[in-house]
Amino acid sequence: MPGGAMYTTIKTLWEIGNNKTEISKATGHDWKTIDKVIKRINSGQELPIKKEHPSKLDIHKEKIIE
């Protein structure tokens, strides 16, 4: 899921009374993405939790540090 700026924009637009279609048009994001963010907002969750992804360089980390 997208970052904090998108979350804040969607939250603001939702709180001032825009519907999901209007928010989708205003932000350029698919309405399904808007729906997911609004569900997070309504459940009280703040910024989305970003998943850690392993780097392809992790296996070489020790050599890089040396």
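The values are calculated or read from the model by the stated rules, or taken from the named source; none is laboratory data. Fair warning: this is a prediction, and the values are worked out from it, not measured in the lab. Neighbour counts run over all protein chains shown; Cβ positions are idealised from the backbone, glycine included.
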For segment 33-59, the count of residues that are at pLDDT 85 or above and either surrounded by 10 or more Cβ atoms within 10 Å (Cβ to Cβ) or of a type in the set (A, V, I, L, M) (or both) equals 10
Scanning segment 20-32 for residues that are part of a loop (DSSP other than H, G, I, E, B) and surrounded by fewer than 11 Cβ atoms within 10 Å (Cβ to Cβ) gives 28, 30
Counted residues in segment 5-19 being of a type in the set (S, T, N, Q) and surrounded by fewer than 16 Cβ atoms within 10 Å (Cβ to Cβ) come to 3
task = Evaluate the following for residue 63: is it surrounded by 10 or more Cβ atoms within 10 Å (Cβ to Cβ), of a type in the set (D, E, K, R) and more than 15 Å from the chain's Cα centre (by Cα)?
result = no
For segment 6-19, pairs from a residue that is in a helix (DSSP H, G or I) to a residue that is of a type in the set (Ser, Thr, Tyr), with Cβ under 8 Å and 6 or more apart or across chains, are 6/27; 9/27; 10/27; 13/27
